[in-house]
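Novice: This structure is in structure tokens; I'll ask about it shortly.
The values are calculated or read from the model by the stated rules, or taken from the named source; none is laboratory data. These figures come from a predicted structure and were not determined experimentally. Neighbour counts run over all protein chains shown; Cβ positions are idealised from the backbone, glycine included.
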Amino acid sequence: MTPALPPMMPVGRPIKRSLTLHGHRTSVSLEEPFWRAFREIAKERNIPINVLAAEIDEMRGVESGLASAIRVYVLAYTQNKAQLGD
């Protein structure tokens, strides 16, 4: 039997916010649920959101944008955490 899907939360339009990467300002547009999860991950890791963004920026390939890389990171982090049972 297939488990029921969780209820969808309203996503809305992406929200543009500024980040500082390696001393340079940049803006990233993410939907609010991704911003919220991104901030929570930074808090769990006890690092500023700009440091986490810089880590993700360094890991991403040239073919992916920063916003997409953050979304994928948030998804992978959340899935990994769920598999570990935290």
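Novice: Going through the range 11-59 one residue at a time, which ones are under 12 Å from Tyr73 (Cβ atoms) and touching an Asp or Glu at 6+ places or on another chain (Cβ under 8 Å)?
Specialist: Result: no residue meets the conditions.
Novice: Does the range 56-86 hold any residues that are surrounded by 15 or more Cβ atoms within 10 Å (Cβ to Cβ), charged (D, E, K, R) and part of a helix (DSSP H, G or I), and which are they?
Specialist: So the first thing to find is which residues in the range 56-86 are surrounded by 15 or more Cβ atoms within 10 Å (Cβ to Cβ), and the list is 56-57, 60, 66-67, 69-71, 73-74, 77.
Now drop any that are not charged (D, E, K, R), which leaves 57, 60, 71.
Selection gives Asp57, Arg71.
Novice: So the check is Cβ under 6 Å with 6+ separation or different chains; which pairs have a first residue in the range 13-29 that's farther than 15 Å from Glu58 by Cα and a second one that's of a type in the set (Ser, Thr, Tyr) and surrounded by 10 or more Cβ atoms within 10 Å (Cβ to Cβ)?
Specialist: Sorted first by the residue in the range 13-29, then by its partner, the pairs are Pro14/Ser29; Lys16/Ser27; Lys16/Ser29; Ser18/Ser27.
Novice: Restrict the check to the range 1-10 and report whether at least one residue is part of a helix (DSSP H, G or I) and either at pLDDT 95 or above or surrounded by fewer than 15 Cβ atoms within 10 Å (Cβ to Cβ) (or both).
Specialist: Looking for residues that are part of a helix (DSSP H, G or I) and either at pLDDT 95 or above or surrounded by fewer than 15 Cβ atoms within 10 Å (Cβ to Cβ) (or both), one finds none in the range 1-10, hence no.
Novice: Ok, one more. Find the residue count for the range 71-86, including only residues that are modelled with pLDDT under 90 and touching a Phe, Trp or Tyr at 6+ places or on another chain (Cβ under 7 Å).
Specialist: Within the range 71-86, residues that are modelled with pLDDT under 90 and touching a Phe, Trp or Tyr at 6+ places or on another chain (Cβ under 7 Å) number 0.
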